[in-house]
């Protein structure tokens, strides 16, 4: 039996260590509102209802389509955990490609896997970002063969574009570059592949057109920062979201890394250079005009750089340049390790969100047909995801209806505003009010109160029970 090579053994051990470490964190993670929202949308809507609703989410459909079968297959206690395992497996597949297929040295691979995106935000927090590394790395592998495998390349570009809107601009630039070279070479097969990409991306533009005006949160709550001062403020926030801190030194080093990456890409592959540059511009437009910055979004700037170096690495003859590429990747990725490990450890020992325990209290102590009302539907999705379908639905006065997931095209009150309960108590006789931290009743004691959690203070829940004292019914 042939003995495995030393580097193969090292890669197996690295992947196994990464898988075990992240799985431990996954097992101790309680999902919060944004994670729960996707699960509930996939669970509670039919196929066409999902397509109609998701455009107001501002996300492509792929993640929801993957979740929908899970919501039908798994029921009962903690069914949402299947989403967490799916997310973890997808990131593990991306990690496998990085470890066994990428051209970087061993320390660079270790640094990437220990970075904020891989160690926590993509592998532990189950959102559509978990799809990005897998399809981005597959695209990096196929990139050099795009002319001989045009339909593989087209398919991966389409899949990557449908992971998250933050990757749409990057995919558009690569698609446009592929179209130009296909028409220039008059390659009918490649032109046909480009036509497929163009059709799908154009459909996505039509699908999302006008979303900003239909999403109440985007339209009214997110600051729109323009000009030089807005750009610099966002740039600092991007760096803070990647590393968990920002100061002059880390801003300087991150800027130096971007400049170094851009220069190398320009010299070795101008298509990658323009994709890298315009992706940067596109992402900042998104942050200025559509979505606020979150760590998993900001982290995509780093892995797009990783894609670029992956795509040109084997075309570089200079060992010195390869050395500097690996060193820069090691440093820029590992720099995020300490802050993210601290967050992951906190998540291990404390609740990330109070939604799971609030749901457990409801199931054990509140009748499944009880009238439960909330003051802030954005956060209570974290509770609904742990409740079975069609039981313990929550009412929101702003919707004038029961709900499980957030309706983005409806007005939503501030989380610090409690509920005017008088009309509901008279009608329902017994009312349970679930409030997010920031809203409370001074003349009543909660029957349930969440423990302190990691970062989502709005998901520290209070549950009150109110009865109509003028009525004999209990």
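The values are calculated or read from the model by the stated rules, or taken from the named source; none is laboratory data. Since the model is a prediction, treat every value here as computed from it, not as a measurement. No Cβ is skipped: glycine too gets one built from the backbone with ideal geometry, and neighbour counts run over all protein chains shown.
Each row is one residue, and each column tells you yes or no for (1) assigned to a helix (DSSP H, G or I); (2) within 16 Å of the chain's Cα centre (by Cα).
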| site | (1), (2) |
| --- | --- |
| 48 | yes, no |
| 51 | yes, no |
| 54 | yes, yes |
| 59 | no, yes |
| 63 | yes, yes |
| 68 | yes, no |
| 72 | yes, no |
| 79 | no, no |
| 83 | yes, yes |
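May I ask you to verify whether residue 1 is at pLDDT 90 or above and either part of a helix (DSSP H, G or I) or over 30 Å from residue 290 (Cβ atoms) (or both)? Full working, then the answer.
On the way: at pLDDT 90 or above: no; either part of a helix (DSSP H, G or I) or over 30 Å from residue 290 (Cβ atoms) (or both): yes.
In short, no.
Residue by residue, here is whether (1) touching a residue at least 24 places away in the same chain (Cβ under 8 Å); (2) in contact with a strand residue (DSSP E or B) (Cβ under 7 Å, 6 or more places away or on another chain); (3) buried (at least 23 other Cβ atoms within 10 Å of the Cβ); (4) more than 25 Å from residue 453 (Cβ to Cβ) holds:
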position	(1), (2), (3), (4)
41	yes, no, yes, no
47	no, no, no, yes
75	yes, no, no, yes
102	yes, no, no, yes
117	yes, no, yes, no
125	yes, no, yes, no
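Out of 286, 251, 234, report the one residue that is part of a helix (DSSP H, G or I) and at pLDDT 95 or above.
On the way: 286 fails: at pLDDT 95 or above; 234 fails: at pLDDT 95 or above.
After ruling out the rest, the residue left standing is 251.
Evaluate the range 298-317: report whether one residue or more is touching a residue at least 24 places away in the same chain (Cβ under 8 Å), closer than 21 Å to residue 228 by Cα and in a helix (DSSP H, G or I). First the steps, then the outcome.
Applying the first criterion (touching a residue at least 24 places away in the same chain (Cβ under 8 Å)) to the range 298-317 yields 298-316.
Checking the rest, the ones that are also closer than 21 Å to residue 228 by Cα come to 298, 301.
When the remaining residues are screened for being in a helix (DSSP H, G or I), the result is 298, 301.
Yes, the range 298-317 has at least one match.
Consider residue 18 against the criteria (1) surrounded by fewer than 20 Cβ atoms within 10 Å (Cβ to Cβ); (2) at pLDDT 95 or above: it satisfies all of them except one. Which criterion is unmet?
(1)
From the list 377, 367, which one is without any contact (Cβ under 8 Å) to a residue 40 or more places away in the chain and buried (at least 21 other Cβ atoms within 10 Å of the Cβ)? Working first, answer last.
Numbers: 367 fails: buried (at least 21 other Cβ atoms within 10 Å of the Cβ).
Of 377, 367, the one residue that is without any contact (Cβ under 8 Å) to a residue 40 or more places away in the chain and buried (at least 21 other Cβ atoms within 10 Å of the Cβ) is 377.
From the list 325, 330, exactly one residue is crowded, with 21+ Cβ neighbours inside 10 Å, in contact with a helix residue (DSSP H, G or I) (Cβ under 6 Å, 6 or more places away or on another chain), touching a residue at least 40 places away in the same chain (Cβ under 8 Å) and not in a loop (DSSP other than H, G, I, E, B). Which is it?
On the way: 330 fails: crowded, with 21+ Cβ neighbours inside 10 Å.
325 is the lone residue from the list that is crowded, with 21+ Cβ neighbours inside 10 Å, in contact with a helix residue (DSSP H, G or I) (Cβ under 6 Å, 6 or more places away or on another chain), touching a residue at least 40 places away in the same chain (Cβ under 8 Å) and not in a loop (DSSP other than H, G, I, E, B).
Mind checking whether some residue in the range 95-109 is within 18 Å of the chain's Cα centre (by Cα) and over 24 Å from residue 41 (Cβ atoms)? Spell out the reasoning first.
Initially, the range 95-109 is screened for residues within 18 Å of the chain's Cα centre (by Cα), giving 95.
Narrowing further to those that are over 24 Å from residue 41 (Cβ atoms): 95.
There is at least one residue in the range 95-109 that is within 18 Å of the chain's Cα centre (by Cα) and over 24 Å from residue 41 (Cβ atoms).
Does any residue of the range 191-200 turn out to be without any contact (Cβ under 8 Å) to a residue 60 or more places away in the chain and more than 27 Å from residue 55 (Cα to Cα)?
In the first step, residues of the range 191-200 are kept if they are without any contact (Cβ under 8 Å) to a residue 60 or more places away in the chain; the result is 191-200.
Those left that are additionally more than 27 Å from residue 55 (Cα to Cα): 191-192.
Within the range 191-200, one or more residues are without any contact (Cβ under 8 Å) to a residue 60 or more places away in the chain and more than 27 Å from residue 55 (Cα to Cα).
Under the condition of being assigned to a strand (DSSP E or B) and modelled with pLDDT of 90 or more, which residue from the range 436-457 is surrounded by the most Cβ atoms within 10 Å (Cβ to Cβ)?
Out of the qualifying residues, it is 448.
Out of all the residues in the range 114-124, is one or more at pLDDT 95 or above, outside any loop (DSSP other than H, G, I, E, B) and either outside the structural domain of residue 239 (by TED's automatic domain parsing) or closer than 26 Å to residue 55 by Cβ (or both)?
Within the range 114-124, one or more residues are at pLDDT 95 or above, outside any loop (DSSP other than H, G, I, E, B) and either outside the structural domain of residue 239 (by TED's automatic domain parsing) or closer than 26 Å to residue 55 by Cβ (or both).
Of 359, 275, 338, which residue is part of a helix (DSSP H, G or I), assigned by TED's automatic domain parsing to the domain that holds residue 233 and closer than 25 Å to residue 26 by Cα? First the steps, then the outcome.
Numbers: 359 fails: assigned by TED's automatic domain parsing to the domain that holds residue 233; 275 fails: closer than 25 Å to residue 26 by Cα.
Selected residue: 338, the only one of 359, 275, 338 that is part of a helix (DSSP H, G or I), assigned by TED's automatic domain parsing to the domain that holds residue 233 and closer than 25 Å to residue 26 by Cα.
Would you confirm whether any residue within the range 373-386 is more than 25 Å from residue 42 (Cβ to Cβ), at pLDDT 90 or above and assigned to a loop (DSSP other than H, G, I, E, B)?
No, the range 373-386 contains no residue that is more than 25 Å from residue 42 (Cβ to Cβ), at pLDDT 90 or above and assigned to a loop (DSSP other than H, G, I, E, B).
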